[in-house]
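*Asks:* Just dropping this structure here.
The values are calculated or read from the model by the stated rules, or taken from the named source; none is laboratory data. Keep in mind that what you see is a predicted model, and the values were worked out from it rather than measured. When we count neighbours, we look across all protein chains shown, and the Cβ atoms used for this are built from the backbone with ideal geometry, even at glycine. Ligands, DNA and RNA are excluded from the accessible area calculation, which covers all protein heavy atoms including side chains. Shrake-Rupley method; radii C 1.70, N 1.55, O 1.52, S 1.80 Å.
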Amino acid sequence: MEYINKYGKFKGYSQIGGIYLRNIIESSWERCEASGLSRTNEELEKQVSNPQFTELKETNAEFLNVASPIISDLHEIVYGTGFLTLLTTEDGVVLKVLSDPSTQNFTENYQLKPGRVWREEWIGKSAIGLVVHHGKPCQVVGEEHYWVRLHGMTCSAAPIKNEKGKMLGIVNVSGPVERVHVHTLGMVVSAAKAIERQYQLNQSTFETKQMNQTLNTLLNVVEDGVILVDQSQKVVQANEFARLVLKKEHSLKGKPIKSLFSHPKLHEAISTLKPLQNEIMTINPINRSALVQVKPVVTNENRVTIVITFREVQQIRKMARRITGNEAYKSMSELKGKSKSMERLREKVGRIAKSEATVLILGETGSGKEIVAHSIHNMSDRRDGPFVVVNCAALPRNLLESELFGYEGGTFTGGWKEGKPGKFELANGGTIFLDEIGEMTLDMQVILLRVLQEQMVTRLGGSIAKPVDIRIISATNKNLKAAIQIGEFREDLYYRLNLLRVTIPPLRERIEDIPELVQWFTAKHQKETETKTFHPKAVQFLKDQTWPGNVRELENVIQRSLIMSESQEIQKHELQEILGEDADQDHKYSMNWMSDIQEQKFLDTYEKTHGNVTETARQLGISRATAYRWKKKYGK
């Protein structure tokens, strides 16, 4: 103990702090001596600059916010006793000094102010310096200080640590040595622990807030309504989508779930804490159907929260349309042609689209009936609803019925266990397009007529009639008036479907549109790297044809030409080869599409109508111009 003998400072020290503190103090003095630190230096030279101190306060802002109220309470205890309270950084830079009139001289004498560096390497051993070095609470009294100028002071300091044991700062109480008391250190330690607890609480609160924000973000990106309900059946939380669907701008918290959904199965699931899957219920505030799921969740505290998720049925159907293709993907832009007949057609389609009436589209095969149907839907107020296509000629009678009306589970062997909605149900809120309506059997026509009258459908094997909101567009290439006369089509259904009518002119009656159609189909079907065109004589050759298959046939010829031709400019003879004609034949290529049957049918009808061209054209489903041309052609 040479060092003790040299300075004679530690005799009887155990009365104050015991041998553990003595060893700490001895080690500190040895470090100060080894570093050549002067014990008699009159000035404290180490002070951080103003910018550095400002940065320190910003860095320690959260720590200061937590600690300041607690050290203020601590200072109130020692107020007027000559003691002051300090808060420093983890490395001993003074952040805050709490003093009062009784400590003014004391504060000035020892230069205790914000920004001072109170570490061992600058002022020798002190309570703050020892805490910086050892990270443990410490009390230093009078001459235990290495720096002589501090012999009239007693200091008690304790570290403030986070939950991981990292030091955040130091709380210190300093005062005149003659007023030293061992309880002061205990008071300081209690204050440090209070700051630690508050800091950890703040951190936990912050983390909980962050978790809640993350949870809310996750809930709000979900495209389902999500509602959390407690066992009293009141809303605890709801995501933005739920509030949007329920038309609730403000929080739903505290609202009874029965005000939102009144289905008995929902309340039973909540009461019994049993899951509920895929139940269709009515959303009370908006009177619309939703698919609802219920799942009870037990938390770590054995508390139960019921999670209710829902999505509007119309949204599910919209998604299903994207998957199954129940969307109108064609538009008016595909009705090519600048002829007067096409201009009138587009104008008429635009007017019809604004109404809700049924539409009958008449036209020969390949003339563009489906494009017209798509266009009407896409320009109507139902454009956001489904567009369901049914080809009445593609299915036998028994399959057509189940396709249109659907069936309940168990109706058919091998059918869907839960049943299947029909096309009318799938088209709810939108449009159903019945193509080839002239091929529908009479018994199916009766059922269709009932749907039109009642706007209700009943699944096969079921007994519940479901209301449907649909617009019906039908199309045919048959003369329905003639079909009525021979008993193949119901007259009452005809007038129901024919409230508005669109007649598409055949391509042979608007040959001036062929050049535009050629350009359109060329651009549509040739590869991006190709720039093929048609020679003017080739285009004229196409204009000279009668086109029984109409626009569809023309498109087929153009597509085949682009594939088969090796030249950049497709010539007339290449088209003749594609159409099966010899290059030496006449410019006119006659497909003779009606041949003898067409002639006989015209002549029979002409005779029945006693030579009335207008009535003949109506019964055959052709234009008057065509009827006059056939009259001349067949010698009448």
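*Asks:* At 0.36 nm per residue, minus the direct Cα-Cα distance, what do residue 519 and residue 206 gain on full extension? Give it in nm, one decimal, please. Walk me through the numbers before you get to the answer.
*Replies:* Working: separation 313, 0.36 × 313 = 112.68 nm, distance 6.59 nm.
Full-extension gain reported as 106.1 nm.
*Asks:* Within the stretch 329-361, find all residues whose amide N lies under 16 Å from a label point positioned 7 Å from the Cα of residue 394 along Cα-to-beta-carbon.
*Replies:* 329-330
*Asks:* At what distance in nm do the modelled label points of residue 164 and residue 68 sit from each other, each positioned 7 Å from its Cα along Cα→Cβ?
*Replies:* 2.6
*Asks:* For the chain, what is the calculated [θ] at 222 nm in deg cm²/dmol (nearest 500), taking -39500 (n - 2.57) for each run of four or more DSSP H residues and dividing by its residue count? Please list the in-between numbers first.
*Replies:* Values: 25 runs with 274 residues, N = 636.
Only helices count here, giving -13000 deg cm²/dmol.
*Asks:* Shifting gears a bit: Can you report the principal axis dimensions of the stretch 80-124 using only the alpha carbons, biggest first, rounded to whole angstrom?
*Replies:* Principal-axis extents of the Cα atoms in the stretch 80-124, largest first: 30, 17, 15 Å.
*Asks:* Let me ask something additional. Over the residues of the chain, compute the C-alpha Rg and express it relative to 2.2 N^0.38 Å.
*Replies:* Numbers: Rg = 46.5 Å, N = 636, 2.2 N^0.38 = 25.6 Å.
Cα-based Rg divided by the globular estimate yields 1.82.
*Asks:* What order do 141, 180 take when sorted by accessible area (1.4 Å probe), most exposed first?
*Replies:* These residues rank, largest area first, as 180, 141.
*Asks:* Still on this structure: So if I average 1/r over every pair of distinct C-alpha atoms in the stretch 169-290 and take the inverse, what Kirkwood radius in Å does that give?
*Replies:* 18.7
*Asks:* Below 16 Å, Cα to Cα, which lysines can residue 57 reach? Residues fewer than 8 away in the same chain don't count.
*Replies:* The qualifying lysines are 96, 113.
*Asks:* Okay, next question. Under a plain spin-label model, where a point goes 7 Å from the Cα along Cα-to-Cβ, how far apart in nm are residue 104 and residue 449?
*Replies:* Distance between label points: 11.0 nm.
*Asks:* Distance cut-off 29 Å, Cα to Cα: go down the list 478/631; 348/524; 354/543; 136/209 and report the pairs above it. Present the calculation step by step, with values, prior to reporting the outcome.
*Replies:* Numbers: 478/631 21 Å; 348/524 26 Å; 354/543 35 Å; 136/209 33 Å.
Violating the 29 Å Cα-Cα cut-off are 354/543; 136/209.
*Asks:* When a/c is below 1.5 the answer is rounded, else prolate if a/b is larger than b/c, else oblate, so apply that to the stretch 223-272 with a ≥ b ≥ c taken from the square roots of the Cα gyration tensor eigenvalues.
*Replies:* prolate
*Asks:* In addition: Treating the angle as unsigned and between 0 and 90°, give the value, to the nearest 10°, between the Cα long axis of helix 442-454 and the longest Cα principal axis of the chain.
*Replies:* 50
*Asks:* Could you run the Karplus curve 6.51 cos²θ - 1.76 cosθ + 1.60 with θ = phi - 60° over the stretch 62-73 and give me ³J(HN,Hα) per residue in whole Hz, x for Gly and Pro?
*Replies:* Each residue's phi maps through the Karplus curve to give 5, 4, 4, 4, 6, 6, 4, x, 6, 6, 5, 4 Hz.
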